[in-house]
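Some notes on the structure that comes next.
Just so it is clear, none of the values below were taken in a lab; they were calculated from the coordinates. The structure presented is a predicted model; accordingly, all values stated were derived computationally and were not measured. As a convention, Cβ positions derive from the backbone with ideal geometry for all residues, glycine included, and neighbour counts pool all protein chains shown.
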Amino acid sequence: MGDKLDEIFALQKKFDEELFRIRNIDPIPWNEWIQREVLAVVAELGELLNEVSFKWWKDQEVNREGVKEELVDILHFFISMCIKAGISANELYEAYVEKNKENFNRQWGLSEKTGYKAR
């Protein structure tokens, strides 16, 4: 099996292509697709919030499987947005690694950006 992130990207690309085919979806500019998918992510985040029992006034058990399902739904839309924006799995990985390094530097007070250093 190849790289898992590459595989996720390939699976999502295949799904998006099939979705467009069977739903007979007309192409629109990629930025408009991202707008639609951001709205879908917001809806999925609301579903995730319900799964983690944010209602302090109500007794509710957290369903780990439900949480996982909502996170996977969010990942589907996120990867689809990456593909539509022309961002590859490798490019996303490299950007993540660079941003992660910057985030550590901010916490350690080693960044050019101020106000992040932990006390």
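In terms of overall dimensions, the C-alpha atoms belonging to the chain reach 55, 42, 34 Å along their principal axes, ordered largest to smallest.
Farthest towards the positive end of the charge dipole of segment 4-87, among the residues Asn50, Ile28, Leu75, is the Cα of Ile28, using unit charges on the Cβ of Lys, Arg, Asp and Glu. Packing-based ranking of 77-89, 105-117 yields 77-89, 105-117, ordered from highest to lowest mean Cβ neighbour count within 10 Å.
Each residue of segment 32-48 was assigned a 3J(HN,Hα) from its phi angle through the Karplus curve 6.51 cos²θ - 1.76 cosθ + 1.60 (θ = phi - 60°); the sequence is 6, 5, 5, 4, 5, 6, 4, 4, 5, 5, 4, 4, 5, 5, x, 5, 5 Hz, with glycine and proline shown as x.
Summing charges over neighbours of Glu69, with a neighbour being any other residue whose Cβ is under 14 Å away from its Cβ, gives -4 when K and R count +1 and D and E count -1.
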